[in-house]
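Accompanying notes for the structure given below.
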Amino acid sequence: TITKEEKTKKDAAAKAEEAMKMEQEASHGTNTYTARAGDSYTVLARKAVQAYAKDAGTNVSRAQIIAAETFLTQDANAPLLEIGQNVTLDKSVVSKAVKSAQALTSSELAAWQVYVPYVNFDTTHNG
């Protein structure tokens, strides 16, 4: 028979394996968004960061979202968008940006936190 402790360890290992699988699947492929009036590259990067976090089953704070979207926007040289323009973000690049944001120190995170009250995190009508 299996002990309660062995079952707990087995369940934890299964959860960890599932989390790793979700993260790997969330890191493959691309997300393509079509710019609408009022969209910016930063807003579409925010949408991609939020989609990655949801698909990967990982928690990302609002300050970390701002950091990750900024990393992505800076890496893309902050392009200006035209209405109707397609923007494709590689999910592996988004994953790296999120992981970089999650690795920030508490003082670095505090610096990003300053921007949180000024950001609209509802991206349902963007892209």
Checking the structure you have, find out if any residue of the stretch 41-58 is modelled with pLDDT of 95 or more, open to solvent by 10 Å² or more (accessible area, probe 1.4 Å) and assigned to a loop (DSSP other than H, G, I, E, B).
no
Residue among VAL119, VAL43, VAL114, VAL60 that alone is in contact with a Lys or Arg (Cβ under 8 Å, 6 or more places away or on another chain) and of a type outside the set (Lys, Arg):
VAL119
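Could you please let me know if ASN126 is polar (S, T, N, Q), exposed (fewer than 15 other Cβ atoms within 10 Å of the Cβ) and in a loop (DSSP other than H, G, I, E, B)?
The answer is no for ASN126.
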Of the residues GLN64, GLN24, which single one is at pLDDT 95 or above, assigned to a helix (DSSP H, G or I) and either of a type in the set (S, T, N, Q) or touching a helix residue (DSSP H, G or I) at 6+ places or on another chain (Cβ under 6 Å) (or both)?
GLN64
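The values are calculated or read from the model by the stated rules, or taken from the named source; none is laboratory data. Keep in mind that what you see is a predicted model, and the values were worked out from it rather than measured. Using ideal geometry, Cβ is built from the backbone for each residue, glycine included, and neighbour counts are taken over all protein chains shown. Protein only, heavy atoms only, side chains kept; ligands, DNA and RNA dropped before computing areas. Shrake-Rupley method; radii C 1.70, N 1.55, O 1.52, S 1.80 Å.
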